[in-house]
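For reference, the structure is listed below as structure tokens.
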Amino acid sequence: MNSVIETILNHRSQRSFLPRPLSEDQIKTIVESAQAASTSSFIQAYSIIGITDPGKKKALAELAGSQTYVEENGHLMVFCADLYRHTLIGELEGQDLEASLDSTEKFMVACIDAALAAQNAAIAAESMGLGICYIGGIRNNLPEVCKVLNTPDRVIPLFGMVFGYPDQVNDKKPRLPFEHVYMEDEYQQSKDRYLEQLKDYNRTTSEYYKERTGGKRSDTWTSQMAHMLSAGRRMYMKTFVQGKGLNKK
């Protein structure tokens, strides 16, 4: 096992940071690492917005659910699906690109490109000894987030990521078992096998929470998921995305 794999396997979300900002060199390296990620057909359909204004950080922290670590960290970036520059490409090249840019396919490309770039950024940061945490909470109120970030049409802020020097290191959460995630040749549809694997994983997660909280918590993964999925969240998203000129066809 090499150091890159060790870094990847040692990942855990970090939500408590020392009051120490990242250097310009660190930020540049993280962004250049993000840019080195694979991109569909070289389309590079994403942008990264670094937040240095304390007022904007505070506003985004509140919009993300009053999460203090969105405001108190070494640096905050917002990763956006971005087809605005491709709108300009149409003008520059004198071609009508609207049908393609309106499509679900290109929206998926932009989301995937942004996610690949973000994961490269995360690994780069962790390889420097920094901690990171993805911030999906900015999607709680994207209209207001877009105002804070002044984003044009065909740009959707997908998630934030905080970086910083860890104040305290969180425990690593156990992931689903290898056999439950990896399949060969086709999707394995044995319901009984699936349910047994989920029950085994529930025992693992329950023990993890018991140990982490000194017995105060022992919930299972499936109970967490059932609770979370029992009510719709951010159900405005389709209308909002289409209103920004994406995912329309």
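The values are calculated or read from the model by the stated rules, or taken from the named source; none is laboratory data. Note that the coordinates shown come from a computational prediction; the quantities given were computed from them, not determined experimentally. Cβ sites come from the backbone with ideal geometry, for glycine too, and all protein chains shown count toward neighbours.
Remarks
- Unique residue being assigned to a helix (DSSP H, G or I), without any contact (Cβ under 8 Å) to a residue 12 or more places away in the chain, closer than 22 Å to residue 11 by Cβ and charged (D, E, K, R) when the list is 32, 126, 105: 32
Residues checked against (1) assigned to a loop (DSSP other than H, G, I, E, B); (2) over 30 Å from residue 76 (Cβ atoms); (3) out of contact with any Leu (no Cβ under 9 Å at 6 or more places or on another chain); (4) assigned by TED's automatic domain parsing to the domain that holds residue 55:
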| residue | (1), (2), (3), (4) |
| --- | --- |
| 140 | no, no, no, yes |
| 145 | no, no, no, yes |
| 158 | no, no, yes, yes |
| 184 | yes, yes, yes, no |
| 203 | no, yes, yes, no |
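- Of all residues making up the range 209-236, the number that are surrounded by 10 or more Cβ atoms within 10 Å (Cβ to Cβ) and at positive phi: 1
- Verdict on residue 102 being among the charged types (D, E, K, R), within 20 Å of residue 36 (Cα to Cα) and crowded, with 16+ Cβ neighbours inside 10 Å: no
- Listed conditions (1) in contact with a Phe, Trp or Tyr (Cβ under 9 Å, 6 or more places away or on another chain); (2) among the charged types (D, E, K, R); (3) assigned to a loop (DSSP other than H, G, I, E, B) are all met by residue 113, apart from (3).
- Within the range 44-62, the only residue that satisfies the criterion of being within 16 Å of residue 80 (Cα to Cα) and exposed (fewer than 15 other Cβ atoms within 10 Å of the Cβ) is 50.
- Residue in the range 92-109 that is within 15 Å of residue 49 (Cβ to Cβ) and either aliphatic (A, V, I, L, M) or in the same structural domain as residue 28 (by TED's automatic domain parsing) (or both) present: no
- Residue that is modelled with the lowest pLDDT, among those in the range 197-245 that are touching a helix residue (DSSP H, G or I) at 6+ places or on another chain (Cβ under 6 Å) and among the basic types (Lys, Arg): 217
- Looking only at the range 153-174, and only at residues there that are loosely packed, with under 13 Cβ neighbours inside 10 Å and not acidic (Asp, Glu), the one that is modelled with the highest pLDDT: 174
- Counting only residues that are at negative phi and surrounded by fewer than 16 Cβ atoms within 10 Å (Cβ to Cβ), the range 63-84 holds 1 of them.
- Counted residues, the range 217-249 - those being of a type in the set (A, V, I, L, M, F, W, C), in a helix (DSSP H, G or I) and out of contact with any Pro (no Cβ under 8 Å at 6 or more places or on another chain): 7
- Residue 198 being surrounded by 12 or more Cβ atoms within 10 Å (Cβ to Cβ), outside the structural domain of residue 114 (by TED's automatic domain parsing) and either more than 21 Å from residue 104 (Cβ to Cβ) or touching a Cys at 6+ places or on another chain (Cβ under 7 Å) (or both): yes
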